[in-house]
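Encoded as structure tokens, the structure appears first; notes follow it.
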Amino acid sequence: MKMNKCAIIIPALNPTDRLVDYVNRLIEKGISQVIVVNDGSKSELLYIFKQLGKIDGCTVLSHNENQGKGRALKTAFTYTLQHFNNLIGAVTADADGQHSIDDVCEVARALEENPKKFILGVRDFTHSDVPARSLIGNRITSTIFRFLYGYNLKDTQTGLRGFSMDNLSWMVKLKGERYEFEINMLIHAKKKNLEINEVPIQTLYFENNTGSHYHPIADSLRVFWKLITGLLYYSISTICSGIIDIVFFVFLLSFLFVSFPLKSRIFLATLIARIISSVFNFYMNRGLVFRGSNTVTQSLIKYYLLCFGLIFASFTLVIIANIFLNGNLIFSKICIDTFLGIVSYKLQLQWVFKKKKMVGESL
């Protein structure tokens, strides 16, 4: 019986003859549509794509020159949206055979059963035969992703993924032409508060993963850069709140409370400025940034417990820096509150606006 609800998308650069057999086996397993993107492969390998084009149920799209995995995926996503809008969604798989037929079908089934969720086929990196560059790269990106975005994902670099048609419609607009596109998908899934489900898959490597086109230095830098720049979305609220806080702090300290003793001036200016900036910060973070699932009351209680704790910490540290270390008052305030802003971000992510449903549960 045909599995008519998902398309399988395979970006390919200089594949081997095994890809033809791989696609035939997918069709035999009940996959109704396979889309292969020739991303500028060598001319002597074009016969492989001609063979693929003759397979019933396989569509071959081509780039005249190599444009990167991200662009190849977006080419296939666009084609899927235009020609197969009757499908639930699409599953992406690599062309080097690292994803077994059974695992591709399992991810497709998971997507059909949970079309609103973001499906990741995750590998087990505890095996001794995992290439070092794959292990190290994945551990680093997973750790950074968990720290910055709060999603505890076991495999951020997996190419076996399942998405609904609704998700394809926004993913075609994402930036990223190469491997950084895949991490950008996850960053925007977090922004949209999508639930990500992880499906365990086999960990397959052939000839120590020499068939991979991932460049350890150049592509890793692109991925890490995307991880860092993606955080700017989450930082806007904190930066704006910090500016509001500093402006009111300086105004209150220098004008309104100028006749008060130094400690009282610092305390009152810190308290009032933080209360004013916190109103803006709370509603921006709850509504746009973290989109927590707690009620407003629950979030407010947690947020202001955190807020007053940070006010006390800011006041105490500024006093220490100014009086005991003889530091400039305004400069000390900026440095201290920058550090406390990072602490606040993590606590809001992990506690104040934490989602009730955890990410990373296996299907």
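The table that follows gives values for the structure above.
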| read-out | value |
| --- | --- |
| Count of the range 148-167 residues which are under 15 Å from the mean Cα position of the chain (by Cα), in a helix (DSSP H, G or I) and modelled with pLDDT of 85 or more | 1 |
| Residues within the range 152-163 that are in contact with a Leu (Cβ under 7 Å, 6 or more places away or on another chain) and either among the polar types (S, T, N, Q) or surrounded by fewer than 18 Cβ atoms within 10 Å (Cβ to Cβ) (or both), tallied | 2 |
| Residue count, the range 274-293 (criterion: at pLDDT below 65, surrounded by 15 or more Cβ atoms within 10 Å (Cβ to Cβ) and part of a helix (DSSP H, G or I)) | 1 |
| Extreme residue, modelled with the highest pLDDT, among residues of the range 314-363 that are surrounded by fewer than 17 Cβ atoms within 10 Å (Cβ to Cβ) and among the small types (G, A, S) | G327 |
| Residue in the range 48-58 that is within 29 Å of W170 (Cβ to Cβ) and either out of contact with any strand residue (DSSP E or B) (no Cβ under 8 Å at 6 or more places or on another chain) or at pLDDT below 95 (or both) present | yes |
| So N85, is it polar (S, T, N, Q), in contact with a strand residue (DSSP E or B) (Cβ under 7 Å, 6 or more places away or on another chain), surrounded by fewer than 20 Cβ atoms within 10 Å (Cβ to Cβ) and more than 15 Å from L160 (Cα to Cα) | no |
| The range 300-312, residues that are in contact with a helix residue (DSSP H, G or I) (Cβ under 6 Å, 6 or more places away or on another chain) and either farther than 18 Å from L253 by Cα or surrounded by fewer than 14 Cβ atoms within 10 Å (Cβ to Cβ) (or both) | K302, Y303, L306, C307, L310 |
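This table checks each residue for (1) touching a Phe, Trp or Tyr at 6+ places or on another chain (Cβ under 7 Å); (2) in contact (Cβ under 8 Å) with a residue 40 or more places away in the chain; (3) hydrophobic (A, V, I, L, M, F, W, C); (4) part of a strand (DSSP E or B).
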| residue | (1), (2), (3), (4) |
| --- | --- |
| T16 | no, yes, no, no |
| D21 | no, no, no, no |
| R25 | no, yes, no, no |
| V34 | no, no, yes, yes |
| Q51 | no, no, no, no |
| Q67 | no, yes, no, no |
| Y79 | no, yes, no, no |
| Q82 | no, no, no, no |
| L87 | no, yes, yes, no |
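The values are calculated or read from the model by the stated rules, or taken from the named source; none is laboratory data. Keep in mind that this is a model prediction, so the values were computed, not measured. Glycine also receives a Cβ, built like all others from the backbone with ideal geometry; neighbour counts cover every protein chain displayed.
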